[in-house]
Amino acid sequence: MAGSRNYNRSRQTRIKSAPPKFDSRAHSDFNDDSDDATVLPTYWPLDLQSNWVMPVMESLLDKRHRLNELRLTPNSQQVAATTTMNKSQRKIGRKRHGHVEKGVEIAALKPKNWKKVSVKHREKLELLSNVWKNAESNPELITIINNNGVCFKEEFSIGIGSYGTEVYVCLGSDGIERAIKRLPKLLCNLLKLVLKNERDILTSSNAVESPRVVYYHFYDNTSSPDFGYLILNLYEQNLKEFIKEEGEMITESRARKMIRQVLEGLKALHAREPRILHRDLKPTNILVDVNDNLVLSDFGIGRFFPEQGATTYCTNRERGSKDWVPYECIDWDAACSDEVRNPSDETQLKWKEKSDIQVAGMLAFYILTKGKHPFGPEFRRQQNLHGDDPVGLSKLSDPVVKDLLSQMLTRDLRERPYVEQALKHPYFLSSEDQMKFLEALGNEPEIKSFKGDLNCAVSRELDNRDLSRPRSSLLPNNWKAVIDPDDLNTFCAGGHTPASRFDGSRYTHCLRFIRNVRQHWGDKTRLPLKAMGTATSLDEYFLQLFPTLPLVVHQIIRKHPDWKTRLSLEKFFPVINRRPLSGAD
């Protein structure tokens, strides 16, 4: 027993002296995967007063404390990383805040009263309005240029030009529908000059004051390093698209109106200082608005005349678009020669006002024929232009418009009219103005004489007395036979000249007769006319009977400069004198 008690005391002593045993299941305050994890021991039951237990415990606690200090006191790398992260977060926060602010600003500019005009572009404008409405969340989709919102995505494009230029729909904060032309600066340095040149022309008084020239709103060449912008009125389509879609519905009177508007646009450019050459007239550069009115556009290569009074703009390079360049502005030596020209051998091409007139004649034919070219099919056009052979004119049935276009399309600059003269052609005159023209001629002394003035070339040609200049076949041989006999007597009843005195073969008598009727018809009550038909006035009545008489008379007077300057006739034959100043061409 004594041995047994000694054994037990010895065993207890060994237990008290035994080192603590670590449990692998012990928990740590840190991640188990961490290299710094400290496993605290799970002790067997023992006497905590043991002289070795407390030092071990203190050692372990001290180690843990130091590790915590390391964790809570980061090193320099940790500080830098944390600082960078904080800056990045603040930057992202600021960016997000700025993004929201920008979106709010853009959305606030959206027009509250959109003035809806366009029909063709309505769908694109509706889509643009919706994108603008949601600009707070996607402000990058809307670009604001001078308070006009635009989205430069393909679905908002309405046209593509040369040199990478594009045209997009845009909306102004004032609710006005507009178009914005975007030109890439880096693609071609020339575009910077093109954009500025177009801006200068469109801000000139000639353009601003004319409804027949595209309306300019704003020019911006500074807000973007990559693009320049030109903001213009929005139009429905260009003439090429219009003819393709609605050509078959264009009536003769509608075509006349369209041709007149093209010439009115040129008159705005040509007729007063500082005079301007367009130089790039073609169907795609004529725009059509929602009311089918035409305006001239795209003045990128247009030019002011070099100085006041100048009549010519000289260049050594061909300009314009294929098939729409006037005869005198083509380098025919190069076009007709097989030889390679020395680059130093430059040619000089001369642009004049009448250069634009020839191309306007091409456009007029294009409108009348629903898309054809007066100089024939594409592979023959240059040859026919060079040969002064507008083959397409033979297809026109109206002799009046054919006469006008034959003047405008001729190769001879001297025979081409100025724009003011073209607009006074009988083709554009109202019924009243045509009859006033005939009346004015009927008042001239040489025409009033019933015997006829044999010394007057105009009188001789009208009466077919000049064998070298026979009267036009466009007139009936006997004008009296065209008028209903009862109507003829009605016209002459109570007058000083009976119907029998008028000679039906002499058109000087016809002009005198018309003059008498216009001046005295209202003097007394008359019987109704039998052959009035659909005419609503005397002017229409006579033009139904003699539709080509104003044209034939016009052709005759054109050959006699002294008649064109007579007081009664000068308003029908404008005399244009573009006198160059000293030193100007």
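If you take the residues in the stretch 234-249 that are aliphatic (A, V, I, L, M) and modelled with pLDDT of 95 or more, which one is most open to solvent (accessible area, probe 1.4 Å)?
Result: 234.
So for the stretch 503-519 (the condition being within 30 Å of residue 457 (Cβ to Cβ) and among the aromatic types (Phe, Trp, Tyr)), does at least one residue qualify?
Yes, because at least one residue in the stretch 503-519 is within 30 Å of residue 457 (Cβ to Cβ) and among the aromatic types (Phe, Trp, Tyr).
When the stretch 106-138 is examined, which residues are found to be under 25 Å from the mean Cα position of the chain (by Cα), without any contact (Cβ under 8 Å) to a residue 40 or more places away in the chain and under 16 Å from residue 174 (Cβ atoms)?
Correct list: 132 only.
In the stretch 448-474, which residue that is in contact (Cβ under 8 Å) with a residue 60 or more places away in the chain and more than 15 Å from residue 562 (Cβ to Cβ) is farthest from the chain's Cα centre (by Cα)?
As a first pass, look at the stretch 448-474 and keep what is in contact (Cβ under 8 Å) with a residue 60 or more places away in the chain: 448, 450, 457-458, 461-462, 471-472, 474.
With more than 15 Å from residue 562 (Cβ to Cβ) added as a condition, the list becomes 448, 450, 462, 471-472, 474.
Details: 448: 52, 450: 57, 462: 47, 471: 46, 472: 43, 474: 41 Å.
Only one residue tops the list, namely 450.
Are any residues in the stretch 217-231 open to solvent by 20 Å² or more (accessible area, probe 1.4 Å) and either in contact (Cβ under 8 Å) with a residue 60 or more places away in the chain or part of a strand (DSSP E or B) (or both), and if so, which ones?
Result: 217, 218, 219, 223, 227.
Kindly list, by first and then second residue, each pair from a residue in the stretch 340-364 that is at pLDDT 95 or above to a residue that is open to solvent by 40 Å² or more (accessible area, probe 1.4 Å), limited to pairs with Cβ atoms under 6 Å and residues at least 6 apart or on different chains.
354/413
In the set 486, 466, which member is within 23 Å of residue 498 (Cβ to Cβ), among the acidic types (Asp, Glu), surrounded by fewer than 16 Cβ atoms within 10 Å (Cβ to Cβ) and outside the structural domain of residue 268 (by the TED database)?
486 is the lone residue from the list that is within 23 Å of residue 498 (Cβ to Cβ), among the acidic types (Asp, Glu), surrounded by fewer than 16 Cβ atoms within 10 Å (Cβ to Cβ) and outside the structural domain of residue 268 (by the TED database).
Working carefully through the options 275, 303, find the one that is open to solvent by 50 Å² or more (accessible area, probe 1.4 Å) and of a type outside the set (Ser, Thr, Tyr).
It is 303.
Would you mention how many residues in the stretch 370-424 are of a type in the set (Lys, Arg), open to solvent by 60 Å² or more (accessible area, probe 1.4 Å) and under 27 Å from the mean Cα position of the chain (by Cα)? Lay out the reasoning, then the answer.
Initial filter on the stretch 370-424 (of a type in the set (Lys, Arg)): 370, 372, 380-381, 395, 402, 411, 414, 416, 424.
Going one step further and asking which of them are open to solvent by 60 Å² or more (accessible area, probe 1.4 Å), we end up with 370, 372, 380, 395, 402, 411, 414, 424.
Next, from what is left, pick out any that are under 27 Å from the mean Cα position of the chain (by Cα): 370, 372.
Residues that pass the stated criteria total 2.
Give me the pairs, please: first residue somewhere in the stretch 407-425 and more than 11 Å from residue 573 (Cα to Cα), second residue anywhere and modelled with pLDDT of 95 or more and of a type in the set (Val, Ile, Thr), beta-carbon distance under 7 Å, and either six or more positions apart or on two chains.
Once the first residue is more than 11 Å from residue 573 (Cα to Cα) and sits in the stretch 407-425, its partners that are modelled with pLDDT of 95 or more and of a type in the set (Val, Ile, Thr) give 408/357; 416/357; 416/410; 419/357.
Open to solvent by less than 30 Å² (accessible area, probe 1.4 Å) and farther than 20 Å from residue 209 by Cα, is that true of residue 265?
No.
Here are some residues: 264, 245. Which one is in a helix (DSSP H, G or I) and either more than 17 Å from the chain's Cα centre (by Cα) or not assigned by the TED database to the domain that holds residue 297 (or both)? Give the derivation first.
On the way: 264 fails: either more than 17 Å from the chain's Cα centre (by Cα) or not assigned by the TED database to the domain that holds residue 297 (or both).
Of 264, 245, the one residue that is in a helix (DSSP H, G or I) and either more than 17 Å from the chain's Cα centre (by Cα) or not assigned by the TED database to the domain that holds residue 297 (or both) is 245.
Looking at the stretch 492-546, which of the residues that are basic (Lys, Arg) and under 49 Å from the mean Cα position of the chain (by Cα) is least open to solvent (accessible area, probe 1.4 Å)?
Step one: of the stretch 492-546, the residues basic (Lys, Arg) are 501, 506, 512, 515, 518, 524, 526, 530.
Still in the list and also under 49 Å from the mean Cα position of the chain (by Cα): 515, 518.
Details: 515: 36, 518: 71 Å².
Restricting to residues being basic (Lys, Arg) and under 49 Å from the mean Cα position of the chain (by Cα), the top hit is 515.
Looking only at residues in the stretch 190-216 that are open to solvent by less than 20 Å² (accessible area, probe 1.4 Å) and closer than 19 Å to residue 160 by Cα, which one is modelled with the lowest pLDDT?
191
Limited to the stretch 135-183, what total is found for residues that are assigned to a loop (DSSP other than H, G, I, E, B), closer than 15 Å to residue 229 by Cα and open to solvent by 30 Å² or more (accessible area, probe 1.4 Å)?
4
This table checks each residue for (1) basic (Lys, Arg); (2) under 27 Å from residue 261 (Cα atoms); (3) out of contact with any His (no Cβ under 7 Å at 6 or more places or on another chain).
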site: 339; (1), (2), (3): no, no, yes
site: 347; (1), (2), (3): no, no, yes
site: 355; (1), (2), (3): no, yes, yes
site: 363; (1), (2), (3): no, yes, yes
site: 366; (1), (2), (3): no, yes, no
site: 377; (1), (2), (3): no, yes, yes
site: 383; (1), (2), (3): no, no, yes
site: 391; (1), (2), (3): no, yes, yes
site: 399; (1), (2), (3): no, yes, yes
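The values are calculated or read from the model by the stated rules, or taken from the named source; none is laboratory data. Bear in mind that the values here come from a model prediction, so they are computed numbers and not experimental data. Don't worry about glycine lacking a Cβ; one is built from the backbone with ideal geometry, like all the others, and counts go over all protein chains shown. We work out accessible area using only protein heavy atoms, side chains counted, and drop any ligands, DNA or RNA first. Shrake-Rupley method; radii C 1.70, N 1.55, O 1.52, S 1.80 Å.
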